[in-house]
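The values are calculated or read from the model by the stated rules, or taken from the named source; none is laboratory data. Because the structure is a prediction, the values reported are computed rather than measured. Here Cβ is always computed from backbone atoms with ideal geometry, including for glycine, and neighbour counts include all displayed protein chains.
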Amino acid sequence: MYSKISNNQNNIENSSYIHSLNLSQNEKIIDIEAIGENSILFIVSDSKNTYAIVFDIKNNVIKSQIKR
């Protein structure tokens, strides 16, 4: 999956980064939203539950998981 998140095309680097959210086989990403300049919100769902993951793109880490 590819998603461009940038306000300025001049800041784009020609590097590839691979990050894993460590989803299980039955989990899938159902929505992605930018939160500010440094975070991405992933909405993840399996057959029973839906939860959110906030990913810090500047530090390449998961900041938090929000479950209901």
Please specify each residue of the range 15-59 satisfying the condition of being under 10 Å from the mean Cα position of the chain (by Cα) and polar (S, T, N, Q).
Ser20, Ser39
Inside the range 10-35, can you point out the residues that are assigned to a loop (DSSP other than H, G, I, E, B), modelled with pLDDT of 80 or more and not charged (D, E, K, R)?
Leu21, Asn22, Leu23, Ser24, Gln25, Asn26
Scan the range 36-64 for residues that are free of Cβ contacts under 8 Å to residues at least 40 places away in the same chain, touching a strand residue (DSSP E or B) at 6+ places or on another chain (Cβ under 9 Å) and in a loop (DSSP other than H, G, I, E, B) and report the count.
4
